[in-house]
Protein chains: 2
Amino acid sequence: MVEVPEGLIQVLEDVATRLRIESVRATTAAGSGHPTSAASAADLVAALFFAVMRLDPDEPRSPASDRFVLSKGHAAPLLYAAWAELGVVPREALTTLRALDSDLEGHPTPRLPFVDVATGSLGQGLSAGVGLALGARWRGSDARIFVLLGDGETAEGSVWEAAQMAGHERLANLIAVVDVNGLGQSGPTMLDHDLRAFQRRFAAFGWTAIAVDGHDLRQIVPALRRARQSRRGPTAIVARTVKGQGLGDIAGQEGWHGRPLPADAAERVIAALEATLHHVPPPPVQRPRARLASRPQEQPLPEPRHHGEVATREAYGDALVRLGAGDPRVVALDGDVKNSTYAERFRAAYPERFVEAYIAEQNMVGTAMGLAAQGFVPFASSFACFLTRAADQLRMAAISRSNLKLCGSHAGVSIGEDGPSQMGLEDLALFRALPESVVLYPADGTATDACVLLAGRHQGLVYIRTTRMKTPPLYGLDEAFAVGGLKVLRASERDALTIVAAGITLHEALAAHHELAGAGILVRIIDLYSAKPVDGAALLEAARATGNRLLVVEDHYPAGGLGDAVREAVAGAGVIVHHLAVREIPRSGPPRKLLERYGIGRGAIVSAVRGLVEETPGAPAQRPAA
Amino acid sequence: MVEVPEGLIQVLEDVATRLRIESVRATTAAGSGHPTSAASAADLVAALFFAVMRLDPDEPRSPASDRFVLSKGHAAPLLYAAWAELGVVPREALTTLRALDSDLEGHPTPRLPFVDVATGSLGQGLSAGVGLALGARWRGSDARIFVLLGDGETAEGSVWEAAQMAGHERLANLIAVVDVNGLGQSGPTMLDHDLRAFQRRFAAFGWTAIAVDGHDLRQIVPALRRARQSRRGPTAIVARTVKGQGLGDIAGQEGWHGRPLPADAAERVIAALEATLHHVPPPPVQRPRARLASRPQEQPLPEPRHHGEVATREAYGDALVRLGAGDPRVVALDGDVKNSTYAERFRAAYPERFVEAYIAEQNMVGTAMGLAAQGFVPFASSFACFLTRAADQLRMAAISRSNLKLCGSHAGVSIGEDGPSQMGLEDLALFRALPESVVLYPADGTATDACVLLAGRHQGLVYIRTTRMKTPPLYGLDEAFAVGGLKVLRASERDALTIVAAGITLHEALAAHHELAGAGILVRIIDLYSAKPVDGAALLEAARATGNRLLVVEDHYPAGGLGDAVREAVAGAGVIVHHLAVREIPRSGPPRKLLERYGIGRGAIVSAVRGLVEETPGAPAQRPAA
């Protein structure tokens, strides 16, 4: 290895010492936090920021700038102290750590300009790194992405999903740094300090893996620089460290995870650390060498496609192609079901903007978050039920306010014979619960096209739910859709109640309307294609006009879906909300039979409406002249 | 390798041929399904069932019996055909595949006596295998657990979580068989037929990995038998196969995933397969050698502990110790937060019934499912937010009707400084959406103890939500709790409305009650500790007595939690439901400040009640004599 000049070593030692001092000071001031987890990685971070990375402190999110993802988010004070060294965080702000209204939160969030994705749920940072690295490659940037992981978090399978993708895509611009301090929160890690085990694992997933002493800058700097120069594939630096290194007696001790030092101990430790300072000023930051070519321009959108009878999942594929033609930022990701979700059409049109993420939904979502942080607009799709695999990544995407679009196909029992394991029946609950999310559930090709465009233009997390089976067209190409909108599809002066449905059950409701009308019973029909936000005023207006009664019908379990959305929207207005949903664990069977068996098909709707109308003789329904 | 007698080879070849024939026949009859995915593994399964496993066809779930988990659940017809060979499934039933009311569903579920866990969401079977293997070890059984995986599903990180746990626990009784046919659903897999890559990965995670030709019984049988004899650790058989092997032209072709053969092609293929039969009768099944010692007897429960002010998470640990003393089937699993969830107390009391699952929640839940399938009652705990990591496993656990208990600690913004990444704010939405689930949310030590006992006695999936901060006692030791119950804690003849809360917000509501009472405003207070099922009648009764108004207060995002549960329970009754919940992405900060900042603390409740009471002058509230 090339020798590192002694002057640089002293500079970096001083930086590392200051990082430790600030981490101790901030956590003790906060009365909580993780000083020992910061201390184990202080030398690694000092080397990264002042001897390896090419950063743009003025524009940390520039695609030309190297990125740093702190996957072990609990070491946040270390991150904040590093950016204080760069002058981006005022040094005096460091002791506002964890205070209400300080952006220096307990775990990093993108409220800070140098944080790409929120971390703190372990094992997610490397996937974001994969997305950032792919994004840099696609943006024509030679920037590198560095991800600092804890050793304990490598127990998360999502780390290996990311590792395999990085290996498969030969992401030479991705460098993982594993802080192997051997101690988890509640005890030793599985692998302790077995660096070779880490190396074997990364190597088995297609990485170059280099072991170093994580407190020896003479080893760290050359290894990181070598990794930065890699042209062959991703590199993992596996660093043997001591938890709490430099913090006196507690170094290497169990029982110090997530515990700040008491004030007196902190004072002693800081004094001892200060005594080791060489008082060398830090070197200037290495800035990125080149500016990037300006990003491709938006193009006019092609005309939408006229759909006849079509599955909304297929219309999704077409719509994504159309959106992608207009907006070069749009990219797509698939979890090896692209022939079912029709994401394959986007791949056929723009192979250079498509990521095959294979059967690894957590990494698919994490990669999408990284791509979003490079300025792309990622659409990730799979079966609705399999997106639940990434629930925790989606939770973190919401906290990150990531500009992420998800499409879940094969919603509900209407998929039929494949059975319950393939049916998305709790996906609306998942996506509605996420803060600031938008949930769209189109019922025909035109509505799907509109929803995809709405998703592309909305800043933030949007979920689109599609259906497996073909459904007839409902809307003309000039129909306008909006986030927070709904459509009244059938209305008369004499409606006995309003049926609220979306997707497949909307078609069942329309069939029920037809049958009921034949029997002289009129009902209003609403397409609640925007399941979040919901147009409560329009729902209330419909209810008021139809005996204050709504009947929600959905291909979803009872909790968390359209029923809850509607009840929430009209709460407090005295509206009676009835609800048809899937109330047991379904079986395999033909789609139409399943819809009826689980009480959400046209027959079930007709029965429910008849029951409701007949139990209230005063209702304004017309009875057939029997 | 030991040579396999030619007679056995012929027997197994015949079995494999019949498995292929039945898989083709059943899927063609059903008009859907995955014959090619069945065909690639037919030789492996024939060898397993008739030359390797020791099965008890009369009691397939006996801990003494070897188990077979079909992780690649879409090969279900192969599984059903194998059990038909054993006489457990009537051969004529095989063509009811995927029909409504047939238990031979598109993907296997435990409606069938030989299925331990539902599969079909890929990458989950190996975790169940880990649990089954640990369970067998704990039951003193020398049974082996065989898990058949597809190659594509090894892209799921959960597979590597399971692999690492099996390696770490040296589960010599666990054998993974990987059907490397090189083709996923929508294209080639990442690793194609690179058997050495699979071997490297399994070896890196502590396994012995043996490569075989998956269509050569002379290689398969000795490898599986060697694996069955392993005393050192888990073994992976990595088998090179051809998708659709034996099915004529389509063998090895892309585009045949999940497609049945047309009737004429099926006829030709079946005729060709039949022509290869040696017409040797299958050998008798090898039954398990020994009966197990009877399971340990239930013991009387120790007295519950008198709790003063205590965090419910801590009371959870104590309650689990108490339950475990009485019921030897109770076991506990942790995701490296046992000192935060207090599962460490169970570990201290019964180390032999504790699993440290490290930071790998998917595998923790999957392992728990496997343990449940061996007759244990597993309690798995982590931070509430991190249980979302296992959302898809929980979905499959619900479909499996697994007897699984989860405890999520650190619910809501009341955790304070650690910030949003550590706050469980969508966990109620997740667990309420699961079919047949029970959701309990105790507010003091005694209620927690009761909820843990209720969970232990309830057959099925139960979620318990606990709080980080200490809360004062509310109940005496003689208080009775029930699944589906609630408690009215404050009531008078003059209550202006009813506040419904649980956990931390119940204490806030009680504080608000005190302050409001001082101002002459009386409110009813309900502890909705059973969030699913909900006692709708009691809620309605309270509403009726308090101006038809409920105010739900919860430390959760607005969707999917207590608010939705209450609105659903009183829907149709004209009750006005107001709702205080966390309506934005929260920050780090002191717990008490966060409760107020996000509108669910005592101050916010007082304001809300005042606003509601004042806007309805006719309400029966007493105003203070101003």
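When you count, for each residue, the other Cβ atoms within 10 Å and take the mean per peptide, how do A:125-132, A:258-265, B:541-548 rank with the highest first?
Details: A:125-132: 33.2, A:258-265: 15.6, B:541-548: 19.4.
So the peptides A:125-132, A:258-265, B:541-548, ranked by packing, come out A:125-132, B:541-548, A:258-265.
Using the Cα gyration tensor of the range B:471-626, with a ≥ b ≥ c the square roots of its eigenvalues, what is the shape: rounded (a/c below 1.5), prolate (a/b larger than b/c) or oblate (neither)?
Because its axes are fairly even, with a/c under 1.5, the range B:471-626 counts as rounded.
Taking the axis about which chain B rotates onto chain A, which residue of B lies nearest it as judged by Cβ position, and how many whole Å separate them?
B:G157, 1
Leaving out ligands and nucleic acids, note down the accessible area per residue over the range A:475-567 with a 1.4 angstrom probe, in whole Å².
Here the residues of the range A:475-567 average 28 Å² of exposed surface.
Under 14 Å Cα-Cα from A:K593, which aspartates and glutamates qualify once same-chain neighbours fewer than 8 residues away are excluded?
A:K593 reaches A:E417, A:D418, A:E508, A:D555, B:D101.
Using protein chains only (no ligands, no nucleic acids) and a 1.4 Å probe, work out which residues of the range A:88-134 have their accessible area cut by at least 20 Å² relative to the chain alone.
A:R98, A:L100, A:D101, A:E105, A:H107, A:R111, A:G120, A:L122
Amide H of B:K243 versus every other amide H placed in the peptide plane: which residues, excluding those fewer than 5 positions away on the same chain, fall under 5 Å?
Sorted by chain and number, the residues that satisfy this are B:G252.
Looking at the calculated P(r) for chain A, what percent of the C-alpha pair distances fall above 35 Å?
Distances greater than 35 Å cover 46 percent of the Cα pairs.
Toward the positive end of the charge dipole of chain A, about the Cα centre and with charges on Cβ (Lys, Arg +1; Asp, Glu -1), which of A:A275, A:G560, A:G572 goes farthest?
A:G560
Scale the Cα Rg of the protein assembly as shown by the rule-of-thumb value 2.2 N^0.38 Å and send over the ratio, two decimals.
For the protein assembly as shown, the normalised Cα radius of gyration comes out at 0.91.
Over the alpha-carbon set of the range A:60-103, divide Rg by the Kirkwood Rh and report the Rg/Rh ratio to two decimals.
Across the range A:60-103, the Cα-based Rg/Rh ratio is 0.99.
Could you give the spread of the C-alpha atoms of the range B:256-349 along their three principal axes, from largest to smallest, in whole angstroms?
The Cα atoms of the range B:256-349 stretch 76, 38, 20 Å along their principal axes.
Quickly work out the B:A275-to-B:S607 label distance, labels modelled 7 Å from Cα along the C-beta direction, and quote it in nm with one decimal.
Distance between the two pseudo-spin positions: 8.3 nm.
Could you give, in nm with one decimal, how far A:A511 is from each other copy of that position, shortest first, with labels 7 Å out from Cα toward Cβ?
Listed shortest first, these distances are 5.5 nm.
For B:R218 paired with B:R268, estimate the spin-label separation in nm (one decimal), with each label point 7 Å from Cα along the Cα-to-Cβ line.
Going from the B:R218 label point to the B:R268 one covers 3.1 nm.
Quick check for me: using +1 on Lys/Arg Cβ and -1 on Asp/Glu Cβ, what's the dipole size of chain A about its Cα centre, in debye to the nearest 20? Walk me through the numbers before you get to the answer.
Details: 64 positive and 69 negative charges, 185 e Å.
Dipole of chain A, to the nearest 20 debye: 880 debye.
Along the charge dipole of chain B, Cβ charges K/R +1 and D/E -1, which of B:A162, B:F114, B:H410 sits furthest on the positive end?
Farthest along the dipole direction, towards plus: B:H410.
Can you work out the accessible area per residue across the range B:397-450, with the rest of the protein chains kept in place, probe 1.4 Å, in square angstrom?
With all protein chains present, the range B:397-450 gives 10 Å² per residue.
If Lys and Arg each add +1 and Asp and Glu each add -1, what is the summed charge of the other residues whose beta carbon sits under 9 Å from the beta carbon of A:E314?
Summing Lys and Arg as +1 and Asp and Glu as -1 gives +2.
Taking beta carbons within 10 Å but only from partner chains, what does the mean come to for residues A:192-199?
That works out to 1 on average.
Considering only protein heavy atoms, what per residue accessible area in square angstrom results for the range A:115-170 with a 1.4 angstrom probe?
On a per-residue basis, 16 Å².
Net charge near B:W138, counting Lys/Arg +1 and Asp/Glu -1 over other residues with Cβ under 12 Å of its Cβ?
Taking every other residue near B:W138 into account, the sum is +3.
Rg and Dmax of the range B:260-304, using alpha carbons, in Å: what are they?
Taking only Cα atoms of the range B:260-304, I get Rg and Dmax of 25.9, 70 Å.
Considering only the other residues whose Cβ falls under 13 Å of the Cβ of B:R18, what net charge follows from Lys and Arg at +1 and Asp and Glu at -1?
That works out to -3.
List the distances, in nm to one decimal, from the label point of A:P283 to the label points of the same position in every other copy, shortest first, placing each label point 7 Å from Cα along the Cα-to-Cβ direction.
7.0
Once amide H atoms are built 1.01 Å from N in the peptide plane, which residues 5 or more positions from B:A143, or in another chain, come under 5 Å H to H?
For B:A143, no residues qualify.
Considering every residue in B:203-216, what mean count of other chain Cβ atoms within 10 Å of its Cβ is obtained?
So the per-residue partner count for this stretch is 2.
To the nearest hundred square angstrom, how large is the accessible surface buried between B and A, total for both chains, probe 1.4 angstrom? Walk me through the intermediate numbers first.
Numbers: alone 23340 and 23330 Å², together 38530 Å².
Interface area, both chains combined: 8100 Å², rounded to the nearest 100.
What spacing in nm lies between the two simple spin-label points modelled at A:A545 and B:Q253, each 7 Å away from Cα in the Cβ direction?
5.5 nm
Amide H to amide H, which residues 5 or more places from B:V552 or on other chains are under 5 Å from it, using H placed in the peptide plane?
B:V500, B:H578, B:H579, B:L580
Quick one: with label points 7 Å out along Cα→Cβ, list the inter-copy distances for B:A203 in nm, shortest first?
Its label point is 0.9 nm from the equivalent points in the other copies.
Can you give me the span-like helices of chain B, meaning DSSP H runs with 27 Å or more of Cα extent along the axis and Kyte-Doolittle mean at or above 0.0?
B:6-30
What percentage of the solvent-accessible surface of chain B, computed with a 1.4 Å probe over protein heavy atoms, is contributed by carbon and sulfur atoms?
49 percent
Could you tell me the center-to-center distance, by alpha carbons, between the range A:236-257 and the range B:531-565 in angstrom?
Centre-to-centre distance over Cα atoms comes out at 48 Å.
How many partner chain Cβ atoms sit within 10 Å of a residue's Cβ in peptide B:70-83, on average, as a whole number?
1
Distance between the C-alpha centers of the range B:486-530 and the range B:80-130? Whole Å please.
Each part reduced to its Cα centre gives a spacing of 50 Å.
Can you report the principal axis dimensions of the range A:11-91 using only the alpha carbons, biggest first, rounded to whole angstrom?
Between the extreme Cα coordinates on each principal axis of the range A:11-91 lie 37, 23, 23 Å.
The values are calculated or read from the model by the stated rules, or taken from the named source; none is laboratory data. Quantities reported herein were computed from a predicted structural model and do not represent experimental measurements. With ideal geometry, Cβ positions are generated from the backbone for all residues, glycine too; neighbour counts draw on all protein chains shown. Surface areas here come from the heavy atoms of the whole protein model, side chains and all, with no ligands, DNA or RNA. Shrake-Rupley method; radii C 1.70, N 1.55, O 1.52, S 1.80 Å.
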